[in-house]
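Visitor: Quick one: structure below, then a few questions.
The values are calculated or read from the model by the stated rules, or taken from the named source; none is laboratory data. From a predicted model like this one, the values you see are computed outputs, not experimental measurements. Cβ atoms come from the backbone with ideal geometry, glycine included; neighbour counts cover every protein chain shown.
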Amino acid sequence: MYLFLFHFDFHVGLRVLVVGSGGREHALCWKLSQSRRVEKIYCAPGNGGTVQVAVNVGISSEDIAKLLEFALKEKIDLALIGPEAPLVEGIVDAFEAKGVRVFGPKRAAALLEGSKAFAKEVMLKAKVPTAKFEVAQTFEDGLRAAKNFKKAAVKADGLAAGKGVFICNNRGEIEGALGTILKEGAFGKAGSKVVIEELLEGEEASVLAFCDGKNAKLMVSSQDHKRIFDGDKGLNTGGMGAYAPAPVVNGLENEIKSKVFGPVLALMAKNGTPYKGVLYAGLMIKGKEIKVLEFNARFGDPETQVILPMLETDLVDVIDACIDGYLDKIEIKWKEGTACCVVLAAKGYPGAYEKGREIKGLDAAAKLKGVAVFHAGTKSEGGKILTCGGRVLGVAGTGNDIASAIKTAYSGVSKINFEGMHFRKDIGKKALERE
Ligand code: AMP
Ligand code: GLY
């Protein structure tokens, strides 16, 4: 007990670096700014919203050498890594090697996101429920492996910014996807292998967990809305909105912990590559049956924008418990109620999109009770906030139940506008229907 008191009471005045520039990173900075232990927050490279609570640093999230140099120079006490690319490149290994305290998986553990074939092998060995699959490295092997499937999800093995998955409903489409990845090399090195897997049916949900190498503690569940249009129509996007908790996960938490997180953490530890950080399981749920679609080695975006508003415990206390391996000794408290986040996108997104449009109404939205506006593709210039990305803002609302969270989020949305702005009108509808 003495040790914990020591830890909690004296490690205050922290200087924290958040790496990344999206809505997720703004939400992380926002949460850290509420921590009793944090004195100063830097965000590299940040966006037009992170400047409200952090100091933006003009270093790319992928420039590990410069980020490390900055962390050493500024005596950073704790670094949080948002996006997958630097994690898979080994930013945690590099920071730890120089004694910089950092929250996230090392390169060998981040491979759970960095290689879909690796993740599937881990799931197979750990007996985690997942779709049947084959791995192929040449087009010819792919064709042979695909004989076992009438329909399939064909996936580039490596990181492909969410674009490497093809849902194929017949053999022609499967061959087309194999050709795109293995013959045309559309994803470069990330497509040197493919995973071909059985198509699953059901409803998707995201379950993220804090992990300390041995123990996992589940966060509130959430659900992303990946397609661009209402009713899950149209092209895939980086995520058009989210809510938490997700009723489709209700009652399945213990099973998810014992069948997914427990076995994966145990196997990773046994292999000498313990998993520390946030592990995100993308699940397909059909009735009471759960299957893992993918793992991400980080917080989700836009899931983080609805999960963090629900977290009661100081985020830094949780992160300390992960890094120092005593997650089983702390209680993580979550608030009662629900959060909903609606993403506002630029004209053209998810295709080529417009930039440089002035955003109006941000202050009016932020003043509403229960509303938090998280910036994603924005920049601050000459006293104005301009659009500079496809997903521009995430407007989050909290409430006692999903209906009120949705109402609050959309009331925030109604205050904001920029030329070409578009958004989904049905975020949270699936949760409403289940209630
Ligand atoms: P992934 O990056 O592997 O999660 O795939 C991206 C998206 O493709 C998922 O969110 C699902 O919507 C879809 N997907 C992936 N694998 C499957 C599968 N085996 N069956 C059905 N849909 C899938
Ligand atoms: N929301 C999907 C992701 O973060 O990958």
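Visitor: From the set of residues in the stretch 136-157 that are crowded, with 21+ Cβ neighbours inside 10 Å and not aliphatic (A, V, I, L, M), which is farthest from F118 (Cα to Cα)?
Guide: G142
Visitor: For the condition in a strand (DSSP E or B), more than 26 Å from V392 (Cβ to Cβ) and not hydroxyl-bearing (S, T, Y), what is the one hit in I181, I196?
Guide: It is I196.
Visitor: I've got another one for you. Would you be able to tell me the number of residues in the stretch 281-297 that are more than 10 Å from ligand 1 (Cβ to nearest atom) and charged (D, E, K, R)?
Guide: 3
Visitor: Okay, next question. Just to verify a result, which residue in the stretch 326-364, among those that are loosely packed, with under 15 Cβ neighbours inside 10 Å and among the small types (G, A, S), is farthest from the chain's Cα centre (by Cα)?
Guide: It comes out as A364.
Visitor: Follow-up. Only residues that are out of contact with any helix residue (DSSP H, G or I) (no Cβ under 6 Å at 6 or more places or on another chain) and on the phi > 0 side of the Ramachandran plot: list them for the stretch 334-364, please.
Guide: Result: G337, G348, G356.
Visitor: Residue by residue through the stretch 288-308, note down the ones that are in contact (Cβ under 8 Å) with a residue 40 or more places away in the chain and away from ligand 2 (no atom under 16 Å from the Cβ).
Guide: Matches in the stretch 288-308: E289, I290, K291.
Visitor: Separate question: Which one of G300, G272 is within 14 Å of ligand 1 (Cβ to nearest atom), part of a loop (DSSP other than H, G, I, E, B) and not polar (S, T, N, Q)?
Guide: Working: G272 fails: within 14 Å of ligand 1 (Cβ to nearest atom).
Unique residue meeting the criteria: G300.
Visitor: Would you say K189 is outside any strand (DSSP E or B), under 30 Å from T138 (Cβ atoms) and away from ligand 2 (no atom under 16 Å from the Cβ)?
Guide: In short, yes.
Visitor: Could you identify the single residue in L279, L208 that is over 26 Å from G377 (Cβ atoms), within 15 Å of ligand 2 (Cβ to nearest atom), modelled with pLDDT of 95 or more and under 19 Å from the mean Cα position of the chain (by Cα)?
Guide: Being over 26 Å from G377 (Cβ atoms), within 15 Å of ligand 2 (Cβ to nearest atom), modelled with pLDDT of 95 or more and under 19 Å from the mean Cα position of the chain (by Cα) holds for just one of L279, L208, which is L279.
Visitor: Only one residue in G389, G394 is under 18 Å from the mean Cα position of the chain (by Cα), of a type outside the set (K, R) and not in a strand (DSSP E or B), so which one is that?
Guide: From the options G389, G394, the qualifying one is G389.
Visitor: Now a separate question. Can you pull out every residue in the stretch 200-228 that is part of a strand (DSSP E or B) and within 15 Å of ligand 1 (Cβ to nearest atom)?
Guide: Answer for the stretch 200-228, where residues must be part of a strand (DSSP E or B) and within 15 Å of ligand 1 (Cβ to nearest atom): E203, E204, A205, S206, V207, L208, S222, Q223, D224, R227, I228.
Visitor: Answer with yes or no whether F70 is at negative phi, part of a loop (DSSP other than H, G, I, E, B) and either away from ligand 1 (no atom under 16 Å from the Cβ) or surrounded by fewer than 23 Cβ atoms within 10 Å (Cβ to Cβ) (or both).
Guide: Answer is no for this residue.
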